[in-house]
1. Based on the Cβ-Cβ distance from residue 125 to residue 66, what FRET efficiency comes out when R0 is 25 Å, to the nearest 0.05?
2. Would you order 23, 53 from fewest to most other beta-carbon atoms within 10 Å of each residue's own beta-carbon?
3. Ranking 146, 86 by Cβ neighbours within 10 Å, fewest first, what do you get?
Amino acid sequence: MKFFNQKQLAITLLAGIAAPFVIFCFLLLASKYSMLAPVPPSMAMHNYGVLCISFFAGIQWGIHFCKRTEDSVYLLSFATLVMAWLSLLGPGTVWGLGVLLLAFVLSWVEEYRLSKQRVTTQWFWRVRCWSMLMIIVSLFLTIAVLATNDNPLFKQ
């Protein structure tokens, strides 16, 4: 039995990918709840973000293999993977999350290029924009909270 069509499934999965970023950010912002987590929310968000950026790079490689884009996405998606790996040198820190944020922005740029080449559909681009916006805002807010020195809980 078919529960989702392709568009509904993609929307559901991309929303599911973005939701933990919002949850981790909320836990960090609501500092009394962050103590209940087994690891700091910034660390959980960081590790999850590295997995997600790897998944997005894999999608871009798959699109290239199936659709034969005008140019290769290998280099740009590989750069996002290297940036994600480098971000792990500062796990859960302002520096590490900043590098991860740049990797997500670079991935978003690649998605834009693919949509402009009409390799991906317009609805997919819109869904990716909303999910990527949720991820980027969550990362940015987390970095901003970590950068504040007012609360000793967030000191590095």
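1. Taking R0 as 25 Å, the efficiency between residue 125 and residue 66 is 0.90.
2. 23, 53
3. 86, 146
Rule-based calculations on the coordinates, nothing more; no lab input. Please read all numbers here as calculations on a predicted model, not as lab measurements. We place every Cβ from the backbone using ideal geometry, glycine too, and count neighbours over all the protein chains shown.
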